[in-house]
Amino acid sequence: MKSFGTGLLMLLIVAVFLMVWIAMPWQGVVVLAAVLGLWMALTRRGRQTWQVTRVGLSTVTQRLGSSSVVVVGIAGVVGVLVAMLAMSEGFAETLRATGNDRTAIVLRGGSQAELNSVLDRDSANVVIQAPGVKKGADGKPVASSELVVVANLPRKGEPDSDANVPIRGVSGDVWALRDQVKIVEGRRFTPGLRELIVGKGAKAQFAGLDVGKSLRLAGQTWTVVGTFESHDALESELWGDTQSVASAYRRGSSVASVTVLLDSPAAFDTFKASLAADPRLKVDVSTTHDYFSKQSEGLTKVLRIVGITVGIIMAIGAVFGALNTMFAAIQARAREIATLRAIGFRGVPVVVSVMLETMLLALLGGAIGAGLVWVVFNGYSASTLGANFSQVVFRFHVSGDLLWTGIKWALAIGFIGGLFPAVRAARLPVTTALREL
Amino acid sequence: MKYLHLIWAALFRRKSRTFLTLVSILAAFLLFGMLDATRAAFSSGGSVVGVDRLITTSRYSIIQSLPSSLATRMQAVPGVKTVGHANWFGGIYQDPKNFVLSFAVSDNYLDIYHEIQLSPEQRKAFETTRTGAIVGEALAKRFGWKVGDKVPLQSTIFPQRNGDKTWPFDIVGIYTPAKGAANGTDQQFFFHYKYFQEANAYRSLGDTVGWYAIQLTSADKADSVAKAIDALSANSDHETKTQTEQAFNASFAKQLGDIGLIVSAIMGAVFFTLILLTGNTMAQAVRERTNELAVLKTIGFSSRSVLGMVLAEGVLLLVLGGVLGLAIAAVLVPIVAKGSGGMLNLPPIGAQTWLLGIALMVAIGALVGALPAIRAMRLNIVDALAGR
């Protein structure tokens, strides 16, 4: 009955700890560490703890094999978790960066993505002339009527593969509208000609997109004349003139979307209201920030859920590995701990020192796992199928926050893995332990 | 086999340690089962009933449609049995979150995709109802549809001719995919191409189709027929690309991302840790038993049987934990698939996963047992008994 009660109590401690730990910001952890440090430096009990911990740590080298189980196990958990979250973050960030609050995008009602949307030329003109759209130096509204189509191109190094690559026809003042786009090689395309500029991301992922090369789209030959960078999802695209793209894909004078520069972010409401009130139009209006952020929602969520689920299952495995190691360590040091108890050391220093040792090993593991992922994956470029049924190239982003999440997980695993052995060590009957060989 | 009780006793000599190790192994193989199901879900080329089918799409882009006049010319290619076609509809039900995998299909589509099994009455009803639609069992369950229901679907792409974005359909049949059908077949929605074509606002689409599905007279003619079909439209403005259904699905799945690579990377990390962990446990277990092993040898067990026993102990440890883990995964996977509301079509854990899993268990077991086993085999009785 008594042992059942203790078991229950320990589970409760673990549950409460996990809840507090998950909610705790990094400042809280720093304060905790500082308090622990002060306690070990200033109080008698604390100094005893420090001594016991030192003895424990000095024997780690003799238990290298089993200690490395803790370190490697936790490094694995943290590595997989941080890598998955970095993928999710990177994708979300790439799409978030594509939009802003100063520009708005207009699609046919209910179409959700540019690929599905069709606006005829009259509607597009009505949109461009709507109030709230900023006028350029020449007095004309700054806007771009755009068309997104998809072409099959092979991936680099896989000549037989097909990837859906987005081609965006842009027009008008797209350079003023999307001022993040910079030509880094070659020149801009000439309107009216079958010329393309390619995003850096697309160039890196798909074959045959170097400046000067030509490629066949919809049965016609197009020339690549430049490379651009924009540090967002647009980099996955190939850009040409709207008219040329529309005629190649037989779209007549219709376009897919109109993107406009607003007078100010506040002018969005006026703009939206005036389009909604216009009986000639049935359109969806959103800021480009909202439009692109929404596209990342689904995949980001899935990646997060998968990452955390895999992380939890691996963490369970790692906790039991740590328990095993630490129980064995206690076993090996049973006599020594019993001797300490016999000469007057109390339970607390023993408990704290065992937990401290486990958590230090865990911290090392977490740092190795998170560090490896940072070195290997930060900035790693990958691509997936986006909202336009075509490839979105994005980069993994291992942010400071993610590294911290990894370390937090590592310490939590260390805490649970150390708690049970620590309590067992403190409750070891002194006489039996001393008698044991 | 006659040593089984000895091995068993050795394994559970220290119950708590063995238990802790077993849980770690269990977690690893639970993960293996779930990730393998995920990988299978995304590599949906697994349809064994579709080996005699080809898919013809536009060579330039998945979004370009093909002229319907191609059908008769394709039908004339030797080796072609039936030519059907389909269009992507992009339907959503009530809310944009409820995406429905919906297709407008030719009348002979159900003959080509014979794994879509309908009762004769329902088939008849489908053929005679202009706005009729048939839906997969899982999809019907997801939205609570029954035969006889009127269901409005919105298309993200095609408005109706009267400007309405909502298309009314009559559910006339609910099908159960035959065994061996591709994963996710029971989540689809089919309706008549004629209805789609007549009511569509985009008149220009009138004489085009999204893609062709071709049934061959025999599967081994796939290559030559594909070449012959592509030759029909070579150098025209609608060049085609014809590939087997499997290749088409595989290339599509690949566009989502290399799920297989991600899964392998995670499992690599997991199994590396597992080998270290169980290897450590085994080494400890054998070190502790040095005395007992020496006694065994003294009373006449050969070095080789001691080697075998320690190896078997490692394998037994892994198989116990691994089979439990995979069994839990087998229970969990259908629950997860159901809980995701049709978002994640995890197939149940199949024989292939079990075989691979068990092979992994045995291999890892033998690997972690090897070093301690060799140590045990080389054990010098006198030194061991003297505690040297």
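Coordinate-derived values only; no laboratory data. Values in this document were obtained by computation on a predicted structure and should not be read as measured data. Please note: Cβ atoms are built from the backbone with ideal geometry, for glycine as well, and neighbour counts cover all protein chains shown.
Could you identify which residue out of B:N98, B:N345, B:N162 has the top mean-square fluctuation in a GNM of chain B using Cα springs shorter than 10 Å?
Of the options given, B:N162 has the highest mean-square fluctuation.
Please report the relative contact order for the range B:60-238, taking Cα pairs under 8 Å with a sequence separation of at least 6, and give it as a percent rounded to a whole number.
Averaging sequence separation for qualifying contacts and normalising by length gives 34 percent for the range B:60-238.
Could you pull out every one of the aspartates and glutamates with an alpha carbon less than 14 Å from that of B:K165, ignoring same-chain neighbours closer than 8 positions?
Straight-distance partners of B:K165: A:D284, B:D95.
What residues have an amide H closer than 5 Å to that of B:S68, excluding those fewer than 5 places away on the same chain, when H is modeled at 1.01 Å from N in the peptide plane?
For B:S68, the qualifying residues are B:T208, B:V209.
Using Cα atoms only, what is the angle between the long axis of helix A:400-427 and the major principal axis of chain A, expressed in degrees (0 to 90) to the nearest 10?
20
Which order do B:M309, A:M326, A:M19 fall in if you start with the one that has the fewest other Cβ atoms within 10 Å?
A:M19, B:M309, A:M326
Express the C-alpha Rg of the range A:110-281 as a ratio against the empirical globular expectation 2.2 N^0.38 Å, rounded to two decimals.
1.07
Compute the length gained on full extension between A:A137 and A:D120: take 0.36 nm times their separation in residues and subtract their Cα-Cα distance, giving the result in nm to one decimal.
3.4 nm
For a 29 Å ceiling on Cα separation, which of these pairs sit above it: A:K182/A:K282; A:K203/A:K282; B:K150/B:K338; A:K272/B:K194?
The answer is A:K182/A:K282; A:K203/A:K282; A:K272/B:K194.
How would you rank B:125-134, A:123-132, highest first, on the average number of other Cβ atoms within 10 Å across their residues? Don't jump to the answer; show the numbers that get you there.
Details: B:125-134: 17.3, A:123-132: 19.0.
Sorting B:125-134, A:123-132 by mean packing, highest first, produces A:123-132, B:125-134.
If you rank A:V52, A:V354 by fewest surrounding Cβ atoms within 10 Å, what's the result?
Taking fewest neighbouring Cβ atoms as first place, the list is A:V52, A:V354.
Using r as the Cβ-Cβ distance of B:R130 and B:D95, and R0 as 41 Å, what FRET efficiency do you calculate, to the nearest 0.05?
Details: r = 27 Å, r/R0 = 0.65.
Computed FRET efficiency for B:R130 and B:D95 comes out at 0.95.
Got a sec to turn the phi values of the range B:229-246 into Karplus ³J(HN,Hα) couplings, 6.51 cos²θ - 1.76 cosθ + 1.60 with θ = phi - 60°, whole Hz, x for Gly and Pro?
5, 5, 5, 4, 10, 4, 6, 9, 8, 10, 4, 10, 10, 10, 9, 5, 4, 4
Return the single residue from A:V174, A:V20, A:V373 with maximal mean-square fluctuation; model: Gaussian network over chain A, springs between Cα atoms under 10 Å.
Looking only at A:V174, A:V20, A:V373, the largest GNM fluctuation is found for A:V20.
Got a sec? How would B:Y175, B:Y212 order by Cβ neighbour count within 10 Å, fewest to most?
Exposure proxy ranking, most exposed first: B:Y212, B:Y175.
At 0.36 nm per residue, minus the direct Cα-Cα distance, what do A:K294 and A:L193 gain on full extension? Give it in nm, one decimal, please.
33.0 nm
Let me know the mean shielding of B:263-271 by other chains, meaning the per-residue number of their Cβ atoms within 10 Å of its Cβ.
Mean partner shielding for this stretch: 4.
Straight-line reach from A:K140: which aspartates and glutamates fall under 15 Å, measuring Cα to Cα and dropping same-chain residues less than 8 apart?
Partners found: A:D173, A:D263.
What's the ranking of A:358-366, A:37-45, A:338-346 by average number of surrounding C-beta atoms within 10 Å, highest first?
Highest mean packing first, the order is A:358-366, A:338-346, A:37-45.
Sorted by average packing, counted as other Cβ atoms within 10 angstrom per residue and highest first, what order do B:313-320, A:292-299, A:156-163 take?
B:313-320, A:292-299, A:156-163
Using r as the Cβ-Cβ distance of B:D220 and B:A363, and R0 as 41 Å, what FRET efficiency do you calculate, to the nearest 0.05?
Result of the calculation: an efficiency of 0.70.
Quick one: Cα centre-to-centre distance for the range A:97-120 and the range B:91-140, in angstrom?
Value for the Cα centre distance between the two parts: 31 Å.
What is the spin-label model distance, in nm, from B:R388 to B:L4 if the labels are put 7 Å beyond Cα along the C-beta direction?
Spacing of the two 7 Å Cα→Cβ label points: 4.0 nm.
Take every Cα pair under 8 Å in chain A that's 6+ residues apart, average their separations, divide by the length, and report that relative contact order as a whole percent.
It rounds to 27 percent for chain A.
With an 8 Å Cα cut-off and a minimum separation of 6 or more residues, compute the relative contact order for the range A:149-233 in percent.
31
Report, to the nearest 10°, how far helix B:303-339 tilts away from the longest principal axis of the Cα atoms in chain B, using its own Cα long axis and a range of 0 to 90°.
Roughly 30 degrees, rounded to the nearest 10.
Averaged across B:57-67, how many Cβ atoms of other chains sit within 10 Å of each residue's Cβ atom?
6
Alpha carbon centre of the range B:297-313 versus the range A:133-168: separation in Å?
Result: 70 Å between the Cα centres.
Which value in nm describes the separation of the simple spin-label points at B:F301 and B:A234, placed 7 Å from the Cα toward the beta carbon?
7.2
Give, in whole angstrom and from largest to smallest, the semi-axes √(5λ) of the equivalent ellipsoid of the range A:151-228, with λ running over the eigenvalues of the Cα gyration tensor. Kindly include the intermediate steps, with their values, before the conclusion.
On the way: eigenvalues 93, 39, 26 Å².
Whole-Å semi-axes of the equivalent ellipsoid: 22, 14, 11.
Quickly estimate the mean residue ellipticity at 222 nm for chain B, helices only: each DSSP H run with n ≥ 4 gives -39500 (n - 2.57), and the total goes over all residues, rounded to 500.
-17000 deg cm²/dmol
Given R₀ = 25 Å, what would the calculated FRET efficiency be for A:S58 paired with A:V375, taking r from the Cβ atoms and rounding to 0.05?
Values: r = 31 Å, r/R0 = 1.23.
With a Förster radius of 25 Å, E is 0.25.
For peptide B:89-101, what's the mean number of Cβ atoms from other chains within 10 Å of each residue's Cβ?
Numbers: counts 0, 6, 0, 2, 0, 0, 0, 3, 1, 0, 2, 0, 0.
Mean number of neighbouring Cβ atoms from other chains: 1.
For the pair A:M10/A:S214, report the inter-label distance in nm, with labels modelled 7 Å from Cα in the Cβ direction.
Once both label points are built, they end up 7.6 nm from each other.
Mind pulling the angle between the C-alpha long axis of helix B:15-42 and the longest principal axis of chain B? Nearest 10 degrees, somewhere in 0 to 90.
So the inclination is approximately 20 degrees.
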